[in-house]
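Contents: one structure, followed by commentary.
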Amino acid sequence: MKKFIKNINPFNNRTEMPAAVLVIKKLLAFILCFVVGTLLGNAVVIGAMIAGGKNFTQGETFSESTMELLGLYAMAGMIAASVLYWKLIEKRKLSEMGLTKHIGGWFAGALIGTGLLFVCVAAIMLTGSISFEGLSQDTNAPMLMLLLGGYIIQSAAEEFLCRGLVLCSLRDRVPMPVAVAASTFVFTFNHWGNFSGSEPRYIFSGVLCLVVISCVFSFLTLKTKSIWAACGLHSLWNFCLSCVLGLDLSGERASAALIDMKSVGENLLNGGNYGIETSIITAALLAAAAVLLWHMYKRNDRKAGV
C-alpha cells in the first residue's frame with residue numbers, strides 16, 4: 001500500500017509502475033491542475049471585480065456579458081497550471097505535451113471544426129428541428145472578437161488538460177485505447193455539471209456526444225502528433241456554434257451572435273434546451289469523423305512502421 005500511494009502521488013515524475021497505477025496517477029494530476037487552474041482563474045476574476053469597484057461579497061458583479069468574458073479568459077489559469085505541472089513536476093519538454101512548433105495545425109483544426117459543425121447543423125436543419133431566423137439585429141463586432149479570443153483560451157485550456165496532460169503523457173506508456181479512454185473520461189468529467197437538471201434522454205445523448213467528440217480530438221492529436229489541431233477544432237466549433245449561428249452551447253446562449261437560429265421544439269434531433277451537442281444526429285456524424293480519423297492515424301502509423 002505504501003508503494004502504491006507513493007506511485008500515484010502526482011507530485012513526482014515516476015513512470016515505472018503498472019499501467020493501471022500510472023493512469024490513476026495521471027487522473028490525480030488532472031484533478032490537481034484543474035483545481036489549481038480554477039483557483040488561479042477565480043483569483044483573476046475577483047481581482048478584476050475589485051479593480052472595477054465591485055463588492056463581490058455583497059453580490060455585486062459586472063454585466064452578464066462582461067462576466068461571460070471574464071469566465072472564458074480566466075481559464076488561462078488552467079493553461080498555466082498544466083504547463084507549470086509539466087515543466088516543474090513532470091520535468092519534460094513541452095513538445096512531449098503536444099506543444100510543438102507546428103502551430104499552423106491550429107488553423108487546419110479550425111477549418112475542420114467549422115466544416116464539421118456546419119455539416120451537423122445542416123443535417124439537423126433537414127429534419128426541420130432547427131430554423132433560420134435571419135441575421136441578428138444587434139450584432140456587436142467588438143464583443144464577437146472578444147468572445148473569439150475567450151473561446152480560443154477556453155478550448156485550449158481543456159485540450160492542454162485532457163489531450164496534453166493526460167493523453168500525451170500516457171500514449172507511449174500504456175496501450176493506446178487506455179490512453180484515449182483516460183483522456184475521454186476526464187473530458188466527460190469536466191463537462192458533467194452542464195447536464196444538471198436535464199432529462200435522462202438528453203444526459204445519455206449528451207454523454208455520447210462528449211465521448212465521440214473527445215475521440216475526435218484525441219485521434220486528431222495522435223495523427224498530427226500535436227495538440228494544436230485539436231485546439232483549433234475545439235475553439236471554432238464553440239465560437240461558430242454560439243457566436244456565429246446563435247445556437248445554445250452546452251445549454252447557454254452567447255451574448256452576441258451574427259445569425260439568429262433556433263431549435264424547433266425539444267427533441268433528440270436538435271438536443272432540446274441543451275443544444276445540438278445532445279443531438280443524436282451530431283453524435284452519429286461525430287462518430288463517423290472519429291472513425292475516419294482513427295483509420296487515417298492507423299494508416300500513417302503502419303506506413304511509419306514499414
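Quick note: the coordinates plus some simple rules give every number you see, no bench work behind them. Since we're looking at a predicted model, the values are computed, not measured. With ideal geometry, Cβ positions are generated from the backbone for all residues, glycine too; neighbour counts draw on all protein chains shown.
When each of Lys54, Lys25 is scored by the number of other beta-carbon atoms lying within 10 Å, the sequence from fewest to most is Lys54, Lys25.
Sites listed here are GluC sites (Glu not before Pro) in the stretch 6-101 whose DSSP assignment is loop and whose Cβ has at most 14 other Cβ atoms within 10 Å: Glu16, Glu60.
Step through the table entries Lys91/Lys223; Lys6/Lys26; Lys3/Lys93; Lys3/Lys225, compare each Cα-Cα distance with 23 Å, and write down the pairs that go over it.
Lys91/Lys223; Lys3/Lys93; Lys3/Lys225
Counting beta carbons within 10 Å around each of His191, His234, His295 and listing the fewest first gives the order His295, His191, His234. Stokes-Einstein diffusion for the stretch 158-280 at 10 °C, viscosity 1.306 mPa s, with a Kirkwood radius from C-alpha pairs, works out to 105 µm²/s. Hull volume per residue, based on the alpha-carbon atoms of the chain and their convex hull, is 155 Å³.
Give, as a single signed number, the net charge of other residues whose beta carbon lies under 14 Å from the beta carbon of Arg92, with Lys and Arg counted +1 and Asp and Glu -1. Show your work: numbers first, answer last.
On the way: positive: Arg14, Lys26, Lys87, Lys91, Lys93, Arg171, Arg173; negative: Glu90, Glu96, Asp172.
It works out to a net charge of +4.
Which residues among the stretch 239-260 fall inside the zone where the amide N is under 20 Å from a point 7 Å beyond the Cα of Ala141, along Cα→Cβ? Label zone hits: 240, 243-246, 255-260. Note on Met1, Met125, Met143: ascending count of other Cβ atoms within 10 Å places them as Met1, Met125, Met143, the fewest first.
Pairs of alpha-carbon atoms within less than 8 angstrom and 6+ residues apart define the contacts here; what relative contact order does the chain have, in percent?
Values: 463 pairs, mean separation 67.0, N = 306.
Rounded, it is 22 percent for the chain.
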